[in-house]
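A.B. asks: My questions all concern the structure below.
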Amino acid sequence: MFAQLNAQPKDKILALMGAFKADPRDTKVDLGVGVYKDASGHTPVMRSVKAAERRLVGEQTTKSYVNLAGDPAFGDAMVDLVLNGAVARERVAAAATPGGTGAIRQGLELIKLAAPDATVWVSDPTWPNHESIIKYLHMPMGKYRYFDEATRGVNFDGMLADLKNIKAGDAVLLHGCCHNPTGANLTADQMAQAIEVIKAQGGMPFVDIAYQGFGDGLDADGAATRAIASAFDNVLIAASCSKNFGVYRERTGILMAVAKDEAERDIAQQNLNYLNRQNYSFPPDHGARVVTMILTDPELRADWEAELEEIRIGMLGLRKQLASELRRLSNSDRFDFLAEHRGMFSRLGTSPENVEKLRADYGIYMAGDSRMNIAGLNEDTIPVLAKAIIDAGI
Ligand code: PMP
């Protein structure tokens with residue numbers, strides 16, 4: 001049996017992590033893997049998460065099964081966090097999933113159940129796992145232009161032109177905020193235009209929101225998702241708690257299906273439950289319960305929001321410092337885009353050869369497409385990176 005298996009390609013980011021570990025240079029800088037790190041390179045457990053976990057351990061009296069869709073209180077808290085009343089609660093079906101990845105997988109499977117021939121459109125580029133899962137499910141995939149290599153902003157004209165080619169019933173995957181891997185995002189006005197085009201074409205948006213609170217603030221980062229949700233009869237939303245609650249390994253996420261009305265919501269909910277049952281039965285509960293406790297307890301919530309804001313402001317500060325150091329060294333504004341980008345990532349926009357040069361000559365590790373994890377920087381490494389970028393002739 002196993003002799004018939006093909007070898008699988010190595011995950012590039014995981015391979016990069018291995019290479020970083022093996023590098024003996026003490027000046028090395030890890031801008032590769034997509035987890036938040038503080039100035040000392042540590043990925044901390046958030047204060048509110050620790051407090052909620054302590055309380056949970058003390059109060060929990062059973063570990064028995066919950067529901068196929070997870071704890072309903074988690075659904076309510078997350079719908080509120082992401083949608084904040086943008087659509088009537090009765091229109092939203094929701095199911096807890098193992099992380100945002102689980103939500104994306106279940107959302108794609110829901111599309112496949114409803115419309116097996118629908119094409120799923122993704123931004124070019126997008127998070128590589130989007131493409132990988134779509135291919136794995138043998139679903140038709142299209143790409144819409146997104147990143148402008150020259151400005152390192154969004155190629156909005158290209159994006160709109162490509163969205164005008166989608167067919168009625170197709171799905172369009174959009175990043176709710178903090179685009180991964182580029183860091184370039186649509187303005188509110190551009191999003192409104194994209195919504196109009198997708199609507200006119202009869203497409204259905206599928207929003208992936210994995211970094212709410214990492215860009216312009218918890219509320220501001222939900223604005224695009226809310227605008228999308230309120231503009232269509234049907235929308236899918238995959239939300240991850242991995243980053244904004246720092247609960248990566250707990251696998252905490254949720255898939256929401258915004259339906260036309262309550263009756264359609266009931267059918268959507270049955271299908272979300274069914275898909276959970278087929279794939280893993282009950283979704284993980286620990287992280288979801290911790291998140292629910294934080295979101296519904298005023299004190300824990302205030303502390304969570306404060307710490308999330310510290311993280312966000314810290315990353316913005318790193319962006320500004322890096323952009324200003326590069327402005328000084330290059331005597332130009334050509335790296336100002338780094339301060340305009342939002343979220344944990346920025347695509348530097350250079351060749352794989354230059355990425356390799358930065359690794360080999362300077363011990364700076366970033367993804368092959370020149371995606372940098374801004375949270376991997378600190379005040380000491382910013383000048384090192386800036387100098388390496390200029391010395392390498394980027
Ligand atoms: N979407 C995007 C764009 C991401 O970057 C990530 C995490 N890297 C996810 C979804 C899913 O994250 P997780 O499954 O860890 O919650």
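A.B. asks: Looking at the stretch 217-254, which of its residues are away from the ligand (no atom under 11 Å from the Cβ) and in a helix (DSSP H, G or I)?
C.D. replies: ALA220, ASP221, GLY222, ALA223, ALA224, THR225, ARG226, ALA227, ILE228, ALA229, SER230, ALA231
A.B. asks: Hey, another quick one. If you scan the stretch 296-318, which residues turn out to be aromatic (Phe, Trp, Tyr) and either more than 20 Å from GLY343 (Cβ to Cβ) or not in a helix (DSSP H, G or I) (or both)?
C.D. replies: Filtering the stretch 296-318 for residues aromatic (Phe, Trp, Tyr) gives 304.
Passing the criteria: none in range.
A.B. asks: Take the residues in the stretch 74-91 that are free of Cβ contacts under 8 Å to residues at least 40 places away in the same chain and either outside any helix (DSSP H, G or I) or of a type in the set (Phe, Trp, Tyr) (or both), then tell me which one is surrounded by the most Cβ atoms within 10 Å (Cβ to Cβ).
C.D. replies: It comes out as ALA88.
A.B. asks: I'd like the full set of residues that are more than 14 Å from the ligand (Cβ to nearest atom), among the aliphatic types (A, V, I, L, M) and not in a helix (DSSP H, G or I), limited to the stretch 92-119. Steps first, answer last, please.
C.D. replies: At the first step, the residues of the stretch 92-119 found to be more than 14 Å from the ligand (Cβ to nearest atom) are 92-95, 109-119.
Checking the rest, the ones that are also among the aliphatic types (A, V, I, L, M) come to 92-95, 110-111, 113-115, 118.
Of everything in the stretch 92-119, those that are more than 14 Å from the ligand (Cβ to nearest atom), among the aliphatic types (A, V, I, L, M) and not in a helix (DSSP H, G or I) turn out to be VAL92, ALA93, ALA94, ALA95, ALA115, ALA118.
A.B. asks: Filter the stretch 164-212 down to residues that are in a loop (DSSP other than H, G, I, E, B) and aromatic (Phe, Trp, Tyr), then give me how many there are.
C.D. replies: Kept after step one, since they are in a loop (DSSP other than H, G, I, E, B), are these residues of the stretch 164-212: 164-170, 176-187, 202-203, 210-212.
Next, from what is left, pick out any that are aromatic (Phe, Trp, Tyr): 211.
Looking only at that region, the number is 1.
A.B. asks: Further, regarding this structure: Kindly evaluate ALA3 against the criterion of being at negative phi, free of Cβ contacts under 8 Å to residues at least 60 places away in the same chain, exposed (fewer than 14 other Cβ atoms within 10 Å of the Cβ) and among the small types (Gly, Ala, Ser). It would help to see each step written out before you state the result.
C.D. replies: Numbers: at negative phi: yes; free of Cβ contacts under 8 Å to residues at least 60 places away in the same chain: yes; exposed (fewer than 14 other Cβ atoms within 10 Å of the Cβ): yes; among the small types (Gly, Ala, Ser): yes.
Yes, satisfied.
A.B. asks: Here is a further query. Of the residues TYR146, TYR136, only one is crowded, with 16+ Cβ neighbours inside 10 Å, among the aromatic types (Phe, Trp, Tyr), free of Cβ contacts under 8 Å to residues at least 60 places away in the same chain and within 16 Å of the ligand (Cβ to nearest atom); which? Give the derivation first.
C.D. replies: Working: TYR136 fails: crowded, with 16+ Cβ neighbours inside 10 Å.
Among TYR146, TYR136, only TYR146 is crowded, with 16+ Cβ neighbours inside 10 Å, among the aromatic types (Phe, Trp, Tyr), free of Cβ contacts under 8 Å to residues at least 60 places away in the same chain and within 16 Å of the ligand (Cβ to nearest atom).
A.B. asks: Kindly provide the set of residues from the stretch 251-291 that are among the polar types (S, T, N, Q) and crowded, with 24+ Cβ neighbours inside 10 Å, ordered by number. Outline the logic, then answer.
C.D. replies: Here is the first cut: in the stretch 251-291, the residues among the polar types (S, T, N, Q) are 252, 269-271, 273, 276, 278-279, 281.
Within the stretch 251-291, THR252 is the sole residue that qualifies.
Computed from the coordinates by the stated procedures, all read-outs in this text should not be read as laboratory data. Everything numeric in this text was worked out from a predicted model, so none of it was measured. Cβ coordinates were reconstructed from backbone atoms using ideal geometry, including for glycine residues, and neighbour counts include every protein chain displayed.
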